[in-house]
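The values are calculated or read from the model by the stated rules, or taken from the named source; none is laboratory data. These numbers come from a predicted model, not from an experiment. Virtual Cβ from ideal backbone geometry, glycine too; neighbours counted across all protein chains shown.
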């Protein structure tokens, strides 16, 4: 009798799962941004949420859970119910963090189901105008003259901007002090106040300040000139071989029904390919490059290997 009851209960659970997947979404969905509001992923999440809400006819909300780089928000996603109603915006930090020497409160592979890659942000090296440098070469020379005198900010420990800076320091032999923030907005506040003169930052969020003359961009981290910012030279022009890219994508908790994952994935790829949204992405310095579930999972595994090696070689660690 006990076995029969367990089988009946299992059948009910499976039936409930199938119904929920078939009718998904039947209530509001939340996209988690593991950083503070005001940064590039805030803009990205709101554009994605707006389009998914249009597709689904159901509210899609955006919630911010910053802390410990992106670990607090990422852990929240991992521990959420595996039903598709909590979706995380994940970035290159997801592939970098396991290599930074700390113990994470989740497994970056086992605790998540990759949904879709959306595309790439363009990272740049920015400085305050009063620093008095006009190019990457000038910054390197200044940092060599004054080891550990300059500080450089990033939007969080373990994020691509942090790794970009550590790689830059490693390849040039300069020494600057890292100052991590919980997102781009507080970083820019301190830069405008003159407290942090240098940063590696997502240009989508920095360019309004650059255009206003409050910050100066010296180079991009792409190996070649960016199609979005063709006027900005690549850092590799001064530091041969330098390159670091940063991506964004959607993930849900492991155990989410496969057909729910596939539905979210198909709609995420669809919106990333939609001409009107691609144009808006590019306006904000975002290069759409969508991948479906299987391709995104393979991409993440490759990123964990390649960016993990970069992090270890550059000596990047949790601080």
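The table below gives the values:
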item: Extreme residue, surrounded by the fewest Cβ atoms within 10 Å (Cβ to Cβ), among residues of the stretch 179-219 that are part of a strand (DSSP E or B) and modelled with pLDDT under 95; result: 179
item: Residue identified as at pLDDT 95 or above and in contact with a strand residue (DSSP E or B) (Cβ under 8 Å, 6 or more places away or on another chain) among 264, 228, 174; result: 264
item: Residue list for the stretch 218-240, restricted to those being under 20 Å from the mean Cα position of the chain (by Cα) and within 14 Å of residue 137 (Cα to Cα); result: 219, 220
item: Helices (runs of 4 or more DSSP H) enclosed by the stretch 20-112 - at least 3 residues per element that are over 19 Å from the mean Cα position of the chain (by Cα) and at pLDDT 95 or above; result: 40-56
item: Options 50, 84; residue that is surrounded by 22 or more Cβ atoms within 10 Å (Cβ to Cβ) and touching a strand residue (DSSP E or B) at 6+ places or on another chain (Cβ under 8 Å); result: 84
item: Test for residue 168: is it buried (at least 24 other Cβ atoms within 10 Å of the Cβ), within 13 Å of residue 140 (Cα to Cα) and at pLDDT 90 or above; result: yes
item: Conditions (1) assigned to a helix (DSSP H, G or I); (2) surrounded by fewer than 15 Cβ atoms within 10 Å (Cβ to Cβ); (3) touching a residue at least 24 places away in the same chain (Cβ under 8 Å): number failed by residue 139; result: (2)
item: Test for residue 99: is it touching a residue at least 24 places away in the same chain (Cβ under 8 Å), more than 27 Å from residue 280 (Cα to Cα) and assigned by TED's automatic domain parsing to the domain that holds residue 294; result: yes
